[in-house]
Amino acid sequence: MDHVHAGEKILMRTETLESKDFTHLFGKLDGISEEQLRQHNELYKNYVKKYNEVAEKLKTADKTSANQNYSEYRSLAVELSHNQNGAVLHELYFSNLTENYEAPPDELIELIEIDFGTWENYIDDLKATAQASRAGWAITAYNYRDGKVYNYPIDQHNLHVPVIMRPVLVLDTWEHAFMIDYGTDKKSYIEAFFNNVDWQAVYERLNSTMESNHLLEKSTV
């Protein structure tokens, strides 16, 4: 395998985020309308824009006056994580949707059943997690520490986010994800979401994560 030198890694870095294109989903999903997706996509792009704005301001923020009560640096640093996670979680959400729904592959079911017993248990738990999330997200994630799969509620982009884990399925439970189609009927939206999940993408995320877990085997976590 070719190794990437440190200098090459630096060249691969970017200072700004760029919005990804999810327009191929517009008007193609079952139970999630084109207008709902258009407005949701605009909101996602705004997180990308605001992340870039905050990142630029942080370059010149006064670090000498940073403190936990109030400071320009603290405010910008917190908002950076808010907008960065807002952008990334939306990208994971849109990219685990598909206009060509297929049943989950047997390989994914087998992996999920290791920790949930049955596929039905997993789906029921994920739906409950989505209902329990106050405003933000429900995610299925692989926990690198114990090698297990969990469902986590995340109330805000940067609140209650577990560490040492990788999201493999992301479900947006903010009202902006379903208000146009379902008003406040969150339960019906959650059911519609499951008609559009790209389970193959979920499997590929989980499988690649489990294969790379050896990278943390010698860590202290």
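Tabulated data for the structure shown
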item	result
Distant alpha-carbon pairs in the chain (separation over 33 angstrom), percent	22
Kyte-Doolittle mean at least -1.0 and Cα axial length at least 24 Å: DSSP H helices in the chain	72-95
Per-peptide average of other Cβ atoms within 10 Å, ordering 37-50, 128-141 highest first	128-141, 37-50
All-pairs alpha carbon distance profile, region 30-95, 5 Å steps from 0, percent	3, 17, 21, 17, 14, 10, 8, 5, 3, 1, 0
Most fluctuating residue given options ARG205, ARG166, ARG145, as computed from a GNM of the chain linking Cα atoms under 10 Å	ARG145
Volume of the Cα convex hull of region 106-216, divided per residue and given in Å³	98
Length-normalised contact order of the chain in % [C-alpha pairs under 8 Å, at least 6 apart]	22
14 Å Cα cut-off, lysine pairs counted over the chain (separation 8 or more, or different chains)	5
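Bear in mind that the values in this text are calculations on the coordinates, not laboratory data. All of these numbers come straight from a predicted model, not from anything done at the bench. Here Cβ is always computed from backbone atoms with ideal geometry, including for glycine, and neighbour counts include all displayed protein chains.
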